[in-house]
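The structure under discussion appears below in the form of structure tokens.
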Amino acid sequence: MNKIYSDITTIVEGLQQGKTILYPTDTIYGIGGDATNETTVEKIFEIKNRPKSKSLIVLVSDIAMLKQYITINNELENLISSFDVPTTVIYSNPKNIAHNAINADQTIAIRIPKHEFCHALISAFGKPIISTSANISGEKNPSTFNKINAEIKEKVDIIINEKFDTSTYKQASKLIKINPDFSIEYLR
């Protein structure tokens with residue numbers, strides 16, 4: 001069976017069925033799936049051989065989708081809208097996300113990618129996508145599709161055609177934490 005797709009409709013149908021994807025993001029290649037589906041999240045931990053104590057991140061299409069899963073105030077909304085490089089934000093007390101995607105301290109890391117394909121895919125899916133770097137836990141993050149471990153390519157259900165890899169960053173995002181009192185910590 002051919003696992004390589006470029007048709008967003010087919011990819012969205014796969015996500016709706018709980019399938020996992022290997023796809024380009026605004027930073028590096030990721031392993032993803034429905035962030036609201038606990039079975040899919042579990043499969044991603046298994047594919048990556050990642051300890052469950054190390055949380056994953058979530059990608060959302062925009063601020064409106066973000067607000068369905070966390071609480072932010074106007075000041076934070078303005079800050080998030082101002083990011084000019086990929087920035088992942090750790091939020092407290094997420095809601096409507098798969099329980100096994102939420103960190104033990106009740107936080108979740110979320111990013112709004114400024115990547116045409118990611119935005120189109122998440123918008124078409126209508127829900128957040130769980131995301132983690134496309135490597136076996138402990139290995140180096142792959143900077144190109146060709147550097148992704150063959151085991152990952154074999155285990156995911158759907159591989160997104162590499163023609164959508166238009167990211168210029170090729171590295172992990174900046175990382176900040178929004179505390180429950182809405183104060184900000186810059187972590188990376």
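Where a number appears in this text, it was derived from the coordinates with a stated rule and is not lab data. This structure is a prediction, so every number in the text was calculated from the model and none was measured. For neighbour counting, all protein chains shown are included, and Cβ atoms are generated from backbone atoms with ideal geometry for every residue, glycine included.
A few comments on the model shown:
- Placed amide H near Thr132: partners under 5 Å, 5+ positions off or other chain: Ile31
- Candidates Ile72, Ile90, Ile129: whichever shows maximal mean-square fluctuation once the chain is modelled as a Gaussian network with Cα springs under 10 Å: Ile72
- DSSP beta bridges in the chain [antiparallel fraction, %, rounded to 5]: 60 percent
- Whichever aspartates and glutamates have a C-alpha closer than 15 Å to that of Lys3, once near sequence neighbours (fewer than 8 apart) are set aside: Glu13, Glu151, Glu154, Asp157, Glu162
- Packing around the peptides 114-122, 100-108, taken as the average count of other Cβ atoms within 10 Å per residue, puts them in this order, highest first: 114-122, 100-108.
- 3J(HN,Hα) from dihedral phi, the range 95-109, Karplus parametrisation 6.51/-1.76/1.60, rounded to Hz, x for glycine, proline: 9, 6, 10, 3, 4, 7, 9, 8, 5, 4, 8, 6, 10, 8, 9
- When its C-alpha radius of gyration is set against 2.2 N^0.38 Å (N residues), the chain gives a value of 0.95.
- Of Pro51, Leu175, Ile110, farthest towards positive along the dipole that unit charges on Lys, Arg, Asp, Glu beta carbons give the range 4-186: Pro51
- Over 31 Å between alpha carbons, listed pairs Lys95/Lys147; Lys67/Lys147; Lys48/Lys114; Lys67/Lys140: Lys95/Lys147; Lys67/Lys147; Lys67/Lys140
- Nearest-ten-degree value, helix 38-48 long axis tilted from longest Cα axis of the chain: 70 degrees
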